[in-house]
C-alpha cells in the first residue's frame, strides 16, 4: 500500500512538472506564465546569441547594437566586455552604466537597452523541414511545427519533446504550449 502511495505521488510530481510552464533562467519559482513573458521584457533573461541595442544618452560612439557572445558577455565600444547572460534588461543597463563609471568614461550616464533579436528556436525530428527558425513572441508548439512545414508521414502527432536549458520534457501536443527563445522542439517518430 505504501509503495502504491509513493508511486502515485511520484507520478503526480512528474505530471505537474510536465504541465507547468518552466524557464530555467526565470526568477519566479514556476517560471513566468505565457502572459507574463509576452507582457514585460523586464522578466526576460538575456542569453547567448541575443542581440541587444544599447543607447547611452547623448553618446552615439558608446551606443550600438551588439550580440551576446558564447561567454555570455557583450562587448561595447570603450567599455569592453560586460557580462549579460542571465540578467534582465534593467540589470544589464545598470551593469553597462557601472562599466562606464568604473572606466572613468562617463560619470552620470543614462543607459537604455532593448532586445532587438532573440535566440532562434530549433524544430527537429519528424517535420518536413527541420532546422533553425526565428523566434517570434507568442509562438506556440503548433506554430513552430507549421514553420517547419508540418509533420512527416512517420511523425507521432500526439506528443512533442521540448528541450530548454538542458531540461527535456515530453508534452501532449494538444496543449497550446508556448515556445521560448533557444528552445529545441522535437517531433518524435510513431511507434509501429
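Which three lengths, in whole Å and largest first, does the range 56-192 cover when its Cα atoms are put on their principal axes?
Result, largest extent first: 67, 24, 23 Å.
What is the spin-label model distance, in nm, from residue 98 to residue 143 if the labels are put 7 Å beyond Cα along the C-beta direction?
It works out to 3.5 nm between the two label points.
On a full-extension model of 0.36 nm per residue, what is the gain between residue 124 and residue 152, subtracting their alpha-carbon distance, rounded to one decimal in nm?
9.0 nm
With N denoting the number of residues in the range 59-106, provide Rg(C-alpha) divided by 2.2 N^0.38 Å, to two decimal places.
Output field value: 1.06.
Separation between the residue 69 and residue 170 pseudo-spin-labels, each 7 Å from Cα along Cα→Cβ, expressed in nm?
That separation, rounded to one decimal, is 4.1 nm.
What is the distance, in nm, between label points placed 7 Å from the Cα along the Cα-to-Cβ direction at residue 59 and at residue 81?
2.1
Among 59, 65, which comes first, then next, by fewest other beta-carbon atoms within 10 Å?
So the ranking, lowest neighbour count to highest, is 65, 59.
Read the figures in this text as sums done on the coordinates, not as results from a lab. Computed from a predicted model, the values in this text were never measured in an experiment. Please note: Cβ atoms are built from the backbone with ideal geometry, for glycine as well, and neighbour counts cover all protein chains shown.
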